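Asker: For reference, the structure I am asking about is given below.
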Amino acid sequence: MAELSSSPGDPLLTEEELLALRSVGRVIHRQEGHVFISQGEETDFALLILKGHVKIVVGKPPRIVAIRGPGEIVGEMAAIRQKPRSASIIALDEVEVLHLPATEWLKFLYDHPRAMHAQLYAADERLEQATRKIVESDLAVEQRLAKAIVELVDSGVGTPGEGGTLLRFSQQDLATLTGASLDSVKKIIRTFRDERLVDTGRQTLLIRGIGDLAQIADGNRTALL
């Protein structure tokens, strides 16, 4: 039997498992803004992200709760729970995914116990991250916002350039991602801009001072004083 242990940083799927999934799935390409899954709908496929990133969005007005990238599987629980979708999944940039019908996804998990164990491990990691975000909700908005920006850059969502890393996020997106008010986010972004940590554009944020933002995220400095 395959080794069932999992550790942080381990790939969700081995090359052999990925080949098995590719044999039953269908590769599809979609552009930024495409809605793969809508909250509340009754569909039961899973998506393995091959390239690009998607955002996980819940509620009305919509709130971004997570960003997922290459190697991660989204929508996988619908095939297991057989309940309406709990969130929307929307392409954040150009995305390539492997579309996996529910029956094939479940059969794959039963046939590959190591992959099922890795999936359970990943689900527990996500739950821990969500719990940690709740605990961290008492942090100052400045620190939460800096932390969100650093996490986005580290995840590879942004576009690197000579002047910094470009994030295609509006200030409203950042407000929903951090659980802060739009007015608070606008005020802090102005401060970050005055300190030349960021530049703002239409629905974009150019990150210039990622090191300083990391210091703010860790609570070691502030740009507000």
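The values are calculated or read from the model by the stated rules, or taken from the named source; none is laboratory data. Note that the structure is predicted; figures quoted are calculated from it, not measured. Cβ atoms come from the backbone with ideal geometry, glycine included; neighbour counts cover every protein chain shown. Heads up: the accessible areas ignore ligands, DNA and RNA and are worked out on the full protein's heavy atoms, side chains in. Shrake-Rupley method; radii C 1.70, N 1.55, O 1.52, S 1.80 Å.
Asker: Name, by its number, the condition in (1) closer than 28 Å to Lys51 by Cβ; (2) open to solvent by 50 Å² or more (accessible area, probe 1.4 Å) that does not hold for Asp212.
Answerer: (1)
Asker: Just to be sure before I move on: is Ala66 aliphatic (A, V, I, L, M) and in a helix (DSSP H, G or I) in the structure I sent?
Answerer: Against the criterion (aliphatic (A, V, I, L, M) and in a helix (DSSP H, G or I)), Ala66 does not qualify.
Asker: If you don't mind, there's one more thing I want to ask. When you scan segment 24-40, how many residues do you find that are open to solvent by 30 Å² or more (accessible area, probe 1.4 Å) and touching a helix residue (DSSP H, G or I) at 6+ places or on another chain (Cβ under 9 Å)?
Answerer: So the count comes out to 1.
Asker: Here's a follow-up. Could you grab the pairs with beta carbons closer than 6 Å, sequence gap of 6+ or different chains, first residue in segment 158-173 and under 14 Å from Ile210 (Cβ atoms), second one open to solvent by 50 Å² or more (accessible area, probe 1.4 Å) and among the charged types (D, E, K, R)?
Answerer: Close Cβ pairs (under 6 Å, with a partner that is open to solvent by 50 Å² or more (accessible area, probe 1.4 Å) and among the charged types (D, E, K, R)) amount to Gly164/Arg208.
Residue-by-condition table, conditions (1) touching a residue at least 40 places away in the same chain (Cβ under 8 Å); (2) under 30 Å from Leu167 (Cα atoms); (3) assigned to a strand (DSSP E or B); (4) in contact with a Lys or Arg (Cβ under 8 Å, 6 or more places away or on another chain):
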| residue | (1), (2), (3), (4) |
| --- | --- |
| Gln39 | yes, yes, no, yes |
| Thr103 | no, no, no, no |
| Leu106 | no, no, no, no |
| Ala122 | yes, yes, no, no |
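Asker: Has segment 187-202 got any residue that is closer than 22 Å to His53 by Cα, within 19 Å of the chain's Cα centre (by Cα) and outside any loop (DSSP other than H, G, I, E, B)?
Answerer: no
Asker: Does segment 47-59 contain any residue that is open to solvent by less than 40 Å² (accessible area, probe 1.4 Å), part of a loop (DSSP other than H, G, I, E, B) and aliphatic (A, V, I, L, M)?
Answerer: no
Asker: Filtering segment 60-86 down to residues that are of a type in the set (A, V, I, L, M) and within 18 Å of Gln171 (Cα to Cα), which residue is surrounded by the most Cβ atoms within 10 Å (Cβ to Cβ)?
Answerer: Ile64
Asker: Still on this structure: Check segment 5-16 and report whether any residue there is surrounded by fewer than 13 Cβ atoms within 10 Å (Cβ to Cβ), over 20 Å from the mean Cα position of the chain (by Cα), of a type outside the set (A, V, I, L, M, F, W, C) and modelled with pLDDT under 90.
Answerer: Yes.
Asker: What's the number of the only condition in (1) at pLDDT 95 or above; (2) hydrophobic (A, V, I, L, M, F, W, C); (3) touching a His at 6+ places or on another chain (Cβ under 9 Å) that Ile207 fails to meet?
Answerer: Every listed condition holds for Ile207 apart from (3).
Asker: Also, quick follow-up: Could you tell me whether Leu21 is under 28 Å from Gly179 (Cα atoms) and either assigned to a loop (DSSP other than H, G, I, E, B) or in contact with a Phe, Trp or Tyr (Cβ under 7 Å, 6 or more places away or on another chain) (or both)?
Answerer: no
Asker: Let me ask something else. Report whether or not Val153 is within 25 Å of Leu48 (Cα to Cα), open to solvent by less than 50 Å² (accessible area, probe 1.4 Å) and not in a helix (DSSP H, G or I).
Answerer: Criteria not met by Val153.
Asker: Could we say that Ala146 is in a loop (DSSP other than H, G, I, E, B), farther than 15 Å from Ile67 by Cα, open to solvent by less than 30 Å² (accessible area, probe 1.4 Å) and not charged (D, E, K, R) here?
Answerer: It is false that Ala146 is in a loop (DSSP other than H, G, I, E, B), farther than 15 Å from Ile67 by Cα, open to solvent by less than 30 Å² (accessible area, probe 1.4 Å) and not charged (D, E, K, R).
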